[in-house]
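Working notes, beginning with the structure itself.
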Amino acid sequence: MNLITAQLGNYTVFIHDFDDTGEQVLTEANHRGTHLVGQYSYNKHQPHNHTGEYHLHVYKKNNEIFSINQSGKGHDGYSGTRIPNDVYGALKDKFPTWNWPATQLIESVNHEHTNTISMKEYLRPVRVMTHTLDLNRIEAFDGYFHTFADAPFLGGGNTGHFANTVALVEDERGNIKKVAVDCIRFTDRE
């Protein structure tokens, strides 16, 4: 890049000349908050009250993908959300004193024990049908129902509340997945 300055009366004009060998891209408007990695950014907020915690809101471009407290628990109902690999690494580097869940799955107080012990004998078996949730295709699998998301049956519009509710379901290998509740069938009553 070449910088040319010109004096026009009382004004100084700066002219930035980009060479033809490479394309320059202006990207500062492509994300919200402080840039983290790739298309991701974050905003750090202080506690909302005396019992609250510092927390982060993480965005992909301008869309919030999750919010997490300093303790590693979900904030604003984001329990059950998986942190993308590159975001997880960047957050751990930037905030090393925060408690980051080793599974990359944001949990709440209600969900914190689900990854540490096997509870399959206490859970209802389910069959999850193939469906799409949050633009991700979920293939059919058999598993075990853990719980509804933090704010069950909250939805809106004309699609109904039930259709917008998610559940946490453990597959046979012990992985917890967020699935649409209208795509699960309890198999213990078949």
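FRET efficiency for Lys61 and Ala102, Cβ-Cβ distance as r, R0 = 25 Å, nearest 0.05?
Result of the calculation: an efficiency of 0.35.
For Glu107, enumerate residues with amide H under 5 Å from its amide H, sequence gap 5+ or separate chain, H modeled in the peptide plane.
Excluding prolines and chain starts, which carry no amide H, the hits are Gly74, Gly80.
Given H placed on each backbone N at 1.01 Å, which residues far from Lys177 in sequence or on other chains put an amide H within less than 5 Å of it?
Val169, Glu170, Asp171
Any read-out appearing in this document is the output of simple, stated calculations on the displayed coordinates, not a laboratory observation. Just so we're clear, the structure is a prediction, and the values are computed from it rather than from any experiment. Note that we place each Cβ from the backbone using ideal geometry, even for glycine, and neighbour counts take in every protein chain shown.
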